[in-house]
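The values are calculated or read from the model by the stated rules, or taken from the named source; none is laboratory data. Note that this is a predicted model, so its numbers are computed, not measured. Here Cβ is always computed from backbone atoms with ideal geometry, including for glycine, and neighbour counts include all displayed protein chains. All accessible areas refer to the heavy atoms of the entire protein, side chains included, with ligands and DNA or RNA removed. Shrake-Rupley method; radii C 1.70, N 1.55, O 1.52, S 1.80 Å.
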Amino acid sequence: MTTLQQLGKVTSTDILIIGGGIAGISAAIAAKEASPEAGVVVVEKATSGWAGQANKGAGVFSYMAKEDSVDEFIKYHVENIGIYLEDQELLRQYAAESYATLERFDTWSGGRMCRDSSGDFTHERFYPWVPWSLTAAELDMLLPIHRRAKKLGVEFIDKTTVVDLLTDAGRAVGAVGFSLLDGTFHIVKAKAIVIATAGQAYRLLGMWSCQRGDGQAAAYRAGAEMRNAEFGPMLQLAGTRSKEAVLAAETALYNRKWEFLSPSFRSERDSDSGSMTGVVWYQQWKAGNGPLYTMHSHNWLLNNTVKHVGSNEVWNRPKAVAFWTRLLEKTQAADGYLAVQEVIPVLMVEHTPIKTDHSHATTVPGLYAVGASAYAGSSMIGAICPPHRQRGSGLFNAVWSGIRGANAAVAYAAKAGEPRADAGQAEAIKHRVFAPLGKSAGIHPLELVSEVQAAFNPVGYSTYKSKDRMEEALGRILDIRAKTPELAASDHHHLSACNEVVSMCLSAEMFYRSSLERKESRGWHVREDYPDRDDKNWLKWISMKDEKGEMVLSAEDVPLERFPFKPAGFEGRKP
Ligand SMILES: Cc1cc2nc3c(=O)[nH]c(=O)nc-3n(C[C@H](O)[C@H](O)[C@H](O)COP(=O)(O)OP(=O)(O)OC[C@H]3O[C@@H](n4cnc5c(N)ncnc54)[C@H](O)[C@@H]3O)c2cc1C
């Protein structure tokens, strides 16, 4: 009988964290602070400290400043952002714990957060009417927290991609993956596992593309439920040549006839771009009114908040300002420095459906999911794709949920028995995952990546949905999945891409099946065939799980009776 040691390099630990971005490193530090003697291992596909999205230009954190009201925040959120699909209890904890969480993060980062002369976080609002604040940290904030984690004794295994979880009688007991450098097969046994691999972004935009859905695919195959999988794509308007988003372009949008479109689909109290931007773009082109243009002088956000915080005037972040200034210069050069600019939609996807409870536990014992990996699946944010409509919430959620998930994982590991990893299971995964390697002929993984993108990217498929178009797109995805056994890889990077294509097909299948199920329009889920919000039938969360190879869907009522803010007609629902 084959042993684990014969299959590859075996590591044993108490807590395994998969993904070394901001959520993964935060979870690792929190685990060590909660239990210094616990073994903590982080496996990261790229290089921890540099990997993930948080240093690709990010740095703005949303939080509740001392003068902000948690109640006002939740009320605004349910009415304008998540449209009553929020878990209001979790959202309250998120908001109420925000200040203290950022204080803790700042000690980890060696004071990278921006502060004013009184020592408070320097803060701004995105728009004056949104009831939360934004503060910021310098672009290189991951480097000091990575150093801190190492100092606390966290072990990092970099350049290694995790492909699947190991289970024992339904409990998660480890994970397997391989080195991108030399193909070493890694088997990590752990008492508790935290997924921090972010979501699925289909490699559509470079800076977001480390999100390739591996974590959710591994969790799904291990039996974990997914939730709110119909939310994920969000659309922004961008320059035609640069393909870089023009922030708030939809607030100053005109068609070819110079009709001002924005008032027809935007509310005056909007917090950010919304789903109707794509719908309007689609309808205008169909009506022969394209192209669409944006006029910068009418863009309040660009001329106020962005101008202000994009310099060192408010936040002292020289590295971040240099990065964004350079990007803006390149963008403007490509698009022609125009005051009136043609815009096209660009899809940014954050498909993050791993279902978690208030302790960030998944439905598989021993398995936790934090950061972007479970942002929609936690149900905290409702009918949106994170972190849009609440900018700055991506980073904050990563740190906050990382800490909470780690605490829960540490508590679980303290009581859990030794993990029993089955060599047979690990061997079967190794056999499956390594199959494309060394084939003399076959399909290149990037060919299938392009095909998946073509079945997801069009506005008419994933942003403005209809039964017919979604069935067509789903059919294309299933056809691509059927071709995955023909994938061939010439090296371990392409082998990783083969696994990612499988993950992409699975994410897209979840998205379309869940979207077909929700027969209404709400938030970022807009259906041409069901254009109205239907509170009577669809104040529900849709979940899905694998049952003997079938994706089985179910729906649960949002427990509005427990929540303070209810839509019209539900006021009477009390605990
Ligand atoms: C350009 C840009 C600007 C942004 N600006 C802001 C901002 O100002 N404010 C804000 O709140 N949010 C911002 N965001 C979003 C924010 O950065 C993310 O929400 C946040 O980084 C999510 O953290 P995470 O750790 O969950 O995921 P990530 O940062 O994506 O980290 C996930 C990690 O998992 C690793 N991984 C993936 N698959 C595997 C695997 N199979 N095995 C091992 N490792 C794996 C990845 O390599 C990655 O390092 C921005 C994002 C981008 C791209």
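Among the residues of the range 452-497, those that are within 22 Å of the chain's Cα centre (by Cα), open to solvent by 10 Å² or more (accessible area, probe 1.4 Å) and not small (Gly, Ala, Ser) comprise Gln453, Asn457, Pro458, Val459, Tyr461, Tyr464, Leu474. Residues that are at pLDDT 95 or above, out of contact with any strand residue (DSSP E or B) (no Cβ under 6 Å at 6 or more places or on another chain) and assigned to a helix (DSSP H, G or I) are absent from the range 543-556 altogether.
Inspect all residues belonging to the range 264-273 and state whether any of them is touching a strand residue (DSSP E or B) at 6+ places or on another chain (Cβ under 8 Å) and modelled with pLDDT under 95. Among the residues of the range 264-273, at least one is touching a strand residue (DSSP E or B) at 6+ places or on another chain (Cβ under 8 Å) and modelled with pLDDT under 95, which makes the answer yes. Answer yes if at least one residue in the range 342-350 is acidic (Asp, Glu), touching a helix residue (DSSP H, G or I) at 6+ places or on another chain (Cβ under 7 Å) and in contact (Cβ under 8 Å) with a residue 24 or more places away in the chain, and no otherwise. Yes: the range 342-350 contains one or more residues that are acidic (Asp, Glu), touching a helix residue (DSSP H, G or I) at 6+ places or on another chain (Cβ under 7 Å) and in contact (Cβ under 8 Å) with a residue 24 or more places away in the chain. Sort out which residues of the range 310-352 are open to solvent by less than 20 Å² (accessible area, probe 1.4 Å), closer than 20 Å to Met295 by Cβ and of a type in the set (A, V, I, L, M, F, W, C), and write them in order of number. Those that are open to solvent by less than 20 Å² (accessible area, probe 1.4 Å), closer than 20 Å to Met295 by Cβ and of a type in the set (A, V, I, L, M, F, W, C): Val343, Val346. Of the residues making up the range 40-56, at least one is at pLDDT 95 or above, touching a strand residue (DSSP E or B) at 6+ places or on another chain (Cβ under 8 Å), near the ligand (Cβ under 9 Å from one of its atoms) and open to solvent by 10 Å² or more (accessible area, probe 1.4 Å). Of the residues making up the range 60-86, those that are open to solvent by less than 10 Å² (accessible area, probe 1.4 Å), away from the ligand (no atom under 16 Å from the Cβ) and in contact with a Gly (Cβ under 9 Å, 6 or more places away or on another chain) are Val78, Gly82, Leu85, Glu86. Screening Pro531 with (1) at pLDDT below 95; (2) open to solvent by 70 Å² or more (accessible area, probe 1.4 Å) gives one miss only, at (1).
If you go through the range 1-21 and keep only what is closer than 15 Å to Thr197 by Cα and either modelled with pLDDT under 95 or part of a loop (DSSP other than H, G, I, E, B) (or both), you end up with Gly19, Gly20, Gly21. Contact map, the range 8-31: residues that are within 24 Å of Trp50 (Cα to Cα) and among the hydroxyl-bearing types (Ser, Thr, Tyr) paired with residues that are within 6 Å of the ligand (Cβ to nearest atom) and open to solvent by less than 10 Å² (accessible area, probe 1.4 Å), Cβ distance under 7 Å, separation 6+ or inter-chain. Pairs shown: Ser26/Ala398. Inspection of the range 425-446 identifies no residue that is under 30 Å from Arg527 (Cβ atoms), of a type outside the set (A, V, I, L, M, F, W, C) and in contact (Cβ under 8 Å) with a residue 40 or more places away in the chain.
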